[in-house]
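Before any comments, here is the structure.
The values are calculated or read from the model by the stated rules, or taken from the named source; none is laboratory data. Being a predicted model, the structure only gives us computed values, none of them experimental. Cβ placement follows ideal geometry from the backbone for every residue including glycine, while neighbour counts extend to all protein chains displayed. For the accessible areas, the whole protein counts, side chains as well, though only heavy atoms, and no ligand, DNA or RNA atoms are used. Shrake-Rupley method; radii C 1.70, N 1.55, O 1.52, S 1.80 Å.
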Amino acid sequence: MRDQKRFLEKNSILVKEFDRYILEHPEFADQFPNNALVVMQIDGDEEFNDWARETAHRVAEKDTPIVYVTVTELKPVRSRIEKLRLELVA
């Protein structure tokens, strides 16, 4: 159950990043069949990848195309905050 939660969180992060990628590279999405189920994968993380594939096959409707998207490189998360103001209340 602990892995399930960890995998769900990891998948959620990957889906958000994938959404951002598609917004910046809309032509990438043109390769996907209509109504495809997108399954996120991470290069080198076979435990997560197995979980994601098994989950996808369990929830996919009959005749739904499944597309595996493998993240091969992921930059570190950075804050977008450029300036801050601190107020100390004593």
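Taking region 43-66 as the range and being open to solvent by less than 40 Å² (accessible area, probe 1.4 Å) and hydrophobic (A, V, I, L, M, F, W, C) as the test, the residues that pass are 48, 51, 52, 56, 60. The residue of region 68-88 that is modelled with the lowest pLDDT, among those that are in a loop (DSSP other than H, G, I, E, B) and either surrounded by 10 or more Cβ atoms within 10 Å (Cβ to Cβ) or acidic (Asp, Glu) (or both), is 74. Where residues in region 8-42 are basic (Lys, Arg) and open to solvent by 100 Å² or more (accessible area, probe 1.4 Å), which of them is farthest from the chain's Cα centre (by Cα)? Selected residue: 20.
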